[in-house]
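Structure first, commentary second.
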Amino acid sequence: VDLGGRTVVQKTTAGTVGALAVKEASLVLCASFVVAEATARLLRTNKSDSVTFVVTGEDGQADEDLACAQYIARRATEAGTDAAEFLRRAGESRAAAELTEGVRQGVHPDDVALCLELDRFPFAMVATLEDSLMVLRAAAVSSLTDEASI
């Protein structure tokens, strides 16, 4: 579906609630494997003193969310981190099994595979308050060639 020129409102079970819970933070990023490198790059270039990852699924215990957060955290400090183990954990998580088995409603057969497409998009997702709404916008992150020193 071409969504050009339209406003899209997305509601997730846990992600939206998590973003709203930290809306007062100086920088709020919503992340997944599909934007992992851009998110890690933004964290590297932002040089924050501390970063807090808010895992929202399963009351903060969702292994796919933990795996993604741990991968991005590692990529933010170690540019050569391999994603294989983190992707494996996410793909074998309870949520992935439920999606694959059709336990959850409103899923597409390719949902798990699409969620695990590492770095499909070259932008980070920055959430900001605009009036009374939390708005998520793509933030282009320039490709840094001198990251080998990280």
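The values are calculated or read from the model by the stated rules, or taken from the named source; none is laboratory data. Predicted model, so just to flag it, every value in this text is computed and none were measured. Cβ sites come from the backbone with ideal geometry, for glycine too, and all protein chains shown count toward neighbours.
Points to keep in mind about this one:
- Subset tally (residues that are at pLDDT 85 or above and surrounded by 13 or more Cβ atoms within 10 Å (Cβ to Cβ)) for segment 100-112: 3
- Of the set (1) in a loop (DSSP other than H, G, I, E, B); (2) out of contact with any Ser or Thr (no Cβ under 8 Å at 6 or more places or on another chain), all apply to Gln10 but (2).
- Only a single criterion out of (1) in contact with a strand residue (DSSP E or B) (Cβ under 7 Å, 6 or more places away or on another chain); (2) without any contact (Cβ under 8 Å) to a residue 12 or more places away in the chain; (3) of a type outside the set (Val, Ile, Thr) is not satisfied by His108, namely (1).
- Residue match in segment 33-52 (condition: closer than 17 Å to Thr13 by Cβ and among the charged types (D, E, K, R)): no
- Among the candidates Ala67, Ala73, the residue that is in contact with a Phe, Trp or Tyr (Cβ under 6 Å, 6 or more places away or on another chain) and either free of Cβ contacts under 8 Å to residues at least 40 places away in the same chain or in a strand (DSSP E or B) (or both) is uniquely Ala67.
- Residue in segment 77-97 that is surrounded by 15 or more Cβ atoms within 10 Å (Cβ to Cβ), at pLDDT below 90 and either hydroxyl-bearing (Ser, Thr, Tyr) or assigned to a strand (DSSP E or B) (or both) present: no
- Residue, modelled with the lowest pLDDT, within segment 26-64, restricted to residues that are hydroxyl-bearing (Ser, Thr, Tyr) and either out of contact with any strand residue (DSSP E or B) (no Cβ under 8 Å at 6 or more places or on another chain) or not in a helix (DSSP H, G or I) (or both): Ser48
This table checks each residue for (1) in contact with a Pro (Cβ under 9 Å, 6 or more places away or on another chain); (2) small (Gly, Ala, Ser); (3) more than 14 Å from Ala127 (Cβ to Cβ).
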position	(1), (2), (3)
Ser26	no, yes, no
Val34	no, no, yes
Glu37	yes, no, yes
Leu42	no, no, no
Ser50	no, yes, yes
Thr56	no, no, no
Gln61	no, no, yes
Glu64	no, no, yes
Ala67	no, yes, yes
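- Members of segment 114-141 found to be touching a Ser or Thr at 6+ places or on another chain (Cβ under 8 Å) and among the basic types (Lys, Arg), listed by number: Arg137
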